[in-house]
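Have a look at the structure below, then the notes.
The values are calculated or read from the model by the stated rules, or taken from the named source; none is laboratory data. Here the structure is a predicted model, which means the values were calculated and not measured. Virtual Cβ from ideal backbone geometry, glycine too; neighbours counted across all protein chains shown. Ligands, DNA and RNA are stripped out before the accessible areas are found, and what is left, the full protein with its side chains, is counted by its heavy atoms. Shrake-Rupley method; radii C 1.70, N 1.55, O 1.52, S 1.80 Å.
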Amino acid sequence: MSFWDVPGIKAGVVTGDVAWALLQHAKTNGYAIPAFNCTSSSTINSVLEAGAKLNRPVMIQFSEGGSAFIAGKSLPNDKGKLQASILGAVAGAHLVRAVAPAYGIPVLVHSDHCAKKLLPWFDGMLEADEAFFKAHGEPLFSSHMLDLSEEPDEENIEICKKYLTRMAPMKCILEMEIGITGGVEDGVDNSGAAKEKLYSTPEDVFAVYEGLSPISPMFTIAAAFGNVHGVYKAGNVVLKPELLQEMQDYAKSKTGKDRPLNFVFHGGSGSEKHHIATALAAGVVKMNVDTDTQWAYWEGLLKFYKAKEGYLQGQIGNPEGADKPNKSYYDPRKWIRECEVSMV
């Protein structure tokens, strides 16, 4: 069955039962929805263009820092308020809703890692969801992530329960993290995390299931299996995706349900294919990609500059003549498009 056969599926942003059914279709059919961090209309368009070319659903996600960048770095973003981050995430979600249908593919809109100190950002986005739900019968965003993995597990789960209770009436999906994803992303540095925190246990993960499943089935778990944000030399990161199957087996032994857990693969950039295949077989429904696409976007500009360097040294004068204009080369639409093509 194609994902186009999921009941209610459409081109554009999907939420609620349809978004959840799409994730379950991915789980049943052995693939994951790729989730790309976006920081501008240009990167949003690149993800949508790639999805359209492949005729595949995609997820566009915004980090707290990326959200502030969308709104504009000059705006105040006070600690404890994070007003620019709220504004940028909400504006980004509205932009995706406006343009996604034209690309002809289903799209989920998601917010990425939200640590405890960033909860005002989460609250602001939920307020926007609730207002949108009141007007349109669905949340603005498809899903949100709480990353309270630096907190004690009990506190992590309790806060997730509180927020899922608020999200459930809108059928908004919650992603949570148990165990730590190593490396550095969006200003959060976990490069010195204790090794045991990089690998979740079946008991840790089942405690999440026990806590959240009575509230709503619409939650995913970013369990740690050695994941690291960024790209590293082979051998520097020890991924153990087989741990995910052990978590599923443990949960099945407790519930009698086959593969009751829905996992998210963080730190997907640079991962080896056999690790990805193992993770997919164990019920990963979403896979995050950021570092690889950041490089691809930059590389488009790098190659353009190297190829057209002689035309980019001034407004007038190039290899074709001292009086020749260069506007068609330094026009932002020209080189930003080269970035987009490279990222696609």
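Setting aside same-chain residues fewer than 8 positions from residue 252, which aspartates and glutamates have a Cα under 17 Å from its Cα? Result set, ordered by chain and number: 203, 204, 210, 242. Ranked by the mean number of other Cβ atoms within 10 Å per residue, highest first, peptides 308-315, 334-341, 6-13 order as 334-341, 6-13, 308-315.
Sorting 323-333, 148-158, 238-248, 281-291 by average packing, meaning the other beta carbons within 10 Å per residue, from highest down gives 281-291, 238-248, 148-158, 323-333. Mean silhouette area of the chain, derived from the convex hull of its C-alpha atoms and averaged over all directions, reads 18.8 nm². Rg then Dmax, both in Å and based on the Cα atoms of region 212-344: 23.3, 77.
The share of alpha-carbon pairs in region 74-144 lying farther apart than 19 Å comes to 35%. Each DSSP beta bridge with both residues in the chain is either parallel or antiparallel, and the antiparallel ones are about 15%.
For residue 333 and residue 4, the FRET efficiency from 1/(1 + (r/R0)^6), where r spans their Cβ atoms and R0 equals 35 Å, is about 0.55. Stokes-Einstein diffusion of region 1-66 at 37 °C, 0.692 mPa s viscosity, Kirkwood radius from Cα pairs, rounded to a whole number: 258 µm²/s. Relative contact order, whole percent, for the chain stands at 16, derived from Cα pairs under 8 Å and 6 or more residues apart. Here r is the Cβ-Cβ distance between residue 316 and residue 158 and R0 is 45 Å; the resulting FRET efficiency, rounded to 0.05, is 0.10.
For a paramagnetic label modelled at 7 Å from the Cα of residue 127 toward its Cβ, which residues of region 154-175 fall within the zone defined by backbone nitrogen distances under 18 Å? Answer for this model: 163, 166-167. Protection proxy ranking of 48-57, 217-226, by the mean of other Cβ atoms within 10 Å over each peptide's residues and highest first, is 217-226, 48-57. Checking the table 73/334; 73/171; 10/303; 286/306; 73/303 against a 29 Å threshold on Cα-Cα, which pairs fail? From the list (73/334; 73/171; 10/303; 286/306; 73/303), the Cα-Cα distance tops 29 Å for 73/171; 10/303; 286/306.
If I model a spin label as a point 7 Å beyond the Cα along the Cα-Cβ vector, how far apart are those points for residue 252 and residue 42 in nm? Label at residue 252, label at residue 42, 4.8 nm between them.
The residues of the chain expose on average 45 square angstrom of accessible surface per residue, using a 1.4 Å probe on protein heavy atoms.
In a GNM of the chain with a 10 Å cut-off on Cα contacts, which of 318, 227, 262 has the highest mean-square fluctuation? Result: 318 has the largest fluctuation of those listed. Counting each pair of different Cα atoms once, what's the Kirkwood radius of region 1-152 in Å, rounded to one decimal? Value: 15.7 Å, from the Cα pair sum.
Full extension of the chain segment joining residue 78 with residue 117 gains 12.9 nm, where the gain is 0.36 nm per residue of separation less the Cα-Cα distance. Note on residue 102 and residue 281: their simple-model spin labels are 4.3 nm apart, each label 7 Å out from Cα toward Cβ. Available extension along the chain between residue 31 and residue 135 is 34.1 nm, counting 0.36 nm per residue and deducting the alpha carbon span.
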